[in-house]
Structure formats: structure tokens, C-alpha cells
Amino acid sequence: MIDLYYWPTPNGHKITLFLEEAALDYELHPIDIGKGAQFTPEFLAISPNNKIPAIIDHAPADGGEPISVFESGAILLYLAHKTRQFLPADVRAHARVNEWLFWQVGGLGPMTGQYGHFNVYAPETIPYAIERYTREVQRLLGVLDKQLNGRAFITGDDYTIADMACYPWINPYTRAPLDLEPFANLRRWHASIAARPATQRAYARAATVNPQAGQPLSDAEKKILFGQGPR
């Protein structure tokens with residue numbers, strides 16, 4: 001059994017995508033980040049950066065004590081090694097998947113997150129910031145579109161944790177949609193993942209956890225999410 005500490009954000013979706021694909025037993029523990037649940041001592045004990053997702057694996061591969069893991073990329077790698085799924089054993093193919101996993105963690109996710117912040121959540125319109133992050137996200141989408149040319153998935157014919165990491169970060173802000181029309185390869189890839197039964201199950205779980213997803217944040221929620229300094 002795996003405990004998943006989760007809220008339906010792009011990073012949260014990455015882990016439910018894996019767990020549903022691998023058919024692993026898991027219990028979902030909602031962490032309402034708009035109400036500050038990520039700052040409780042119990043959650044900080046397993047996720048010291050006060051971010052979701054995090055997991056506790058009660059049956060690690062070595063048969064020892066439960067293992068907790070935070071950070072979505074680290075969790076995907078941990079689960080892939082545990083199950084020997086969605087991460088190729090071949091050294092070269094393994095390296096390619098790691099490249100694109102870290103490309104998402106270091107680029108696509110943070111840049112798209114800033115795009116969303118300044119387009120959706122910022123208290124005032126800052127044209128420079130909007131243009132800066134819009135252009136960078138479009139650049140990254142172009143990089144991914146080129147990589148997908150002639151490939152079913154990001155690194156080839158096989159669905160991997162690189163695809164699971166990137167998929168939720170493609171156009172995640174309904175109130176600030178991006179133009180995906182120029183990216184035919186990306187649109188084809190995204191549609192193929194959306195059609196997977198495991199993807200549909202993962203996103204159905206999200207709807208049960210937070211039926212209000214996509215609604216504007218209150219001022220109190222914004223203060224919790226965006227107003228934190230050192231604690």
C-alpha cells in the first residue's frame with residue numbers, strides 16, 4: 001500500500017497517472033493547499049518543502065521500514081524503479097527518459113507555472129512578465145513538438161515517466177489557454193495520453209477530491225499559496 005498526499009495540481013496528477021497505469025494499491029490523502037494543510041507538522045515530516053505530492057511506501061523493495069518520498073520527479077523515479085515499469089533498463093534509453101523528466105522538472109513545469117501565475121493569479125497585470133513567460137512556454141512547447149516528430153511518445157514507442165511528467169503541464173490553465181495549433185505532434189501525443197483508461201481514472205480521482213478546481217482563488221487562498229516567506 002502506498003499513501004499518496006495529493007491535491008489535483010499538475011504535479012499531483014503526475015503521480016496518480018503512474019499509480020493508475022501500474023495498478024498499484026494506494027490510498028489518497030487530500031492536502032488542501034488553499035487552506036494551508038501543507039504546513040501541518042505531520043505533512044512537513046514527509047515533505048519539508050511544504051509542497052505536494054509526497055508518498056509513503058509501506059512495502060519498499062528491500063522489505064524494510066516504510067519510505068517517504070517528496071518531489072514529483074523523485075517520486076516518479078522511485079516508483080519506476082520499484083515496479084520496473086515506465087523506465088527502460090537499457091542504459092541509453094534510460095538516459096533519454098531521465099533527460100526529458102528533468103527537462104520537465106526544471107523547465108516546462110516552472111515556466112508554465114509562472115505563465116499561469118502572472119496570467120491568472122497576479123493582483124495586477126504586468127505586461128513584461130506575461131510576455132516573458134508566454135514566449136518561454138511557447139518555446140518549450142516547440143521543443144517538445146520537435147522531439148515528438150516521428151515518435152509515439154517523448155523518447156520513442158514506449159510510454160514512460162517522461163510522458164507522465166509532461167502531460168499535466170500542457171495547457172493546465174483554463175482561464176489562460178495557450179494556442180496549441182502550431183504544435184501538431186504535441187496535440188496528437190496529448191490526445192493519445194488523454195484517451196488512456198488510466199489517465200481517465202486519474203483525472204476522475206481529481207474531480208472527487210476538489211470539485212471546485214479551476215475556480216478563482218479567494219484572497220485568503222492567494223495569501224496562503226503565494227504569500228509565504230521563511231517559517
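As I understand it, the dipole of the chain uses +1 on the Cβ of Lys and Arg and -1 on the Cβ of Asp and Glu, about the Cα centre. Which of P66, A45, G12 lies farthest toward its positive end?
The listed residue farthest towards the positive side: G12.
Multiply the residue separation of R201 and I130 by 0.36 nm, subtract the distance between their alpha-carbon atoms, and state the gained length in nm to one decimal.
Additional length available on full extension: 22.2 nm.
Contour minus end-to-end for Y121 and F39, with contour as 0.36 nm per residue of separation and end-to-end as the Cα-Cα distance? Present the calculation step by step, with values, prior to reporting the outcome.
On the way: separation 82, 0.36 × 82 = 29.52 nm, distance 2.10 nm.
Stretched out fully, the Y121 to F39 stretch lengthens by 27.4 nm.
Below 8 Å, C-alpha to C-alpha, sequence gap of six or more: please give me the relative contact order for the range 53-200 in percent.
21
What list of ³J(HN,Hα) couplings, whole Hz, do you get for the range 12-21 from phi and the Karplus terms 6.51, -1.76, 1.60, once you set θ to phi - 60° and write x for glycine and proline?
Per-residue couplings from phi come out as x, 4, 3, 7, 5, 4, 5, 4, 6, 4 Hz.
Whole-Hz ³J(HN,Hα) for each residue in the range 73-90, computed from phi via Karplus 6.51 cos²θ - 1.76 cosθ + 1.60 with θ = phi - 60°, x for glycine and proline: what do you get?
Whole-Hz 3J(HN,Hα) from phi for the range 73-90: x, 5, 5, 4, 5, 4, 5, 5, 5, 4, 9, 6, 10, 6, 8, x, 7, 4.
May I ask you to derive the FRET efficiency for E65 and K222 from their Cβ-Cβ distance with R0 = 25 Å, giving the value to the nearest 0.05?
Step by step, r from the Cβ atoms, then E = 0.05.
When a/c is below 1.5 the answer is rounded, else prolate if a/b is larger than b/c, else oblate, so apply that to the range 91-195 with a ≥ b ≥ c taken from the square roots of the Cα gyration tensor eigenvalues.
Numbers: a/c = 2.32, a/b = 1.84, b/c = 1.26.
Judged from the Cα gyration tensor, the range 91-195 comes out prolate (a/c at least 1.5, a/b above b/c).
At R0 = 30 Å, how high is the FRET efficiency between R187 and A89 if r is their beta carbon distance? Nearest 0.05 is fine. Show your work: numbers first, answer last.
Working: r = 31 Å, r/R0 = 1.03.
After rounding, the FRET efficiency stands at 0.45.
What does the charge dipole of the chain about its Cα centre add up to, to the nearest 20 debye, if the Cβ of each Lys and Arg holds +1 and the Cβ of each Asp and Glu holds -1?
540
Values in this text are rule-based calculations from the coordinates and carry no lab data. Treat the numbers as computed from the prediction; the structure is a model and nothing was measured. Here the Cβ is made from the backbone with ideal geometry for all residues, glycine too, and neighbour counts use every protein chain on show.
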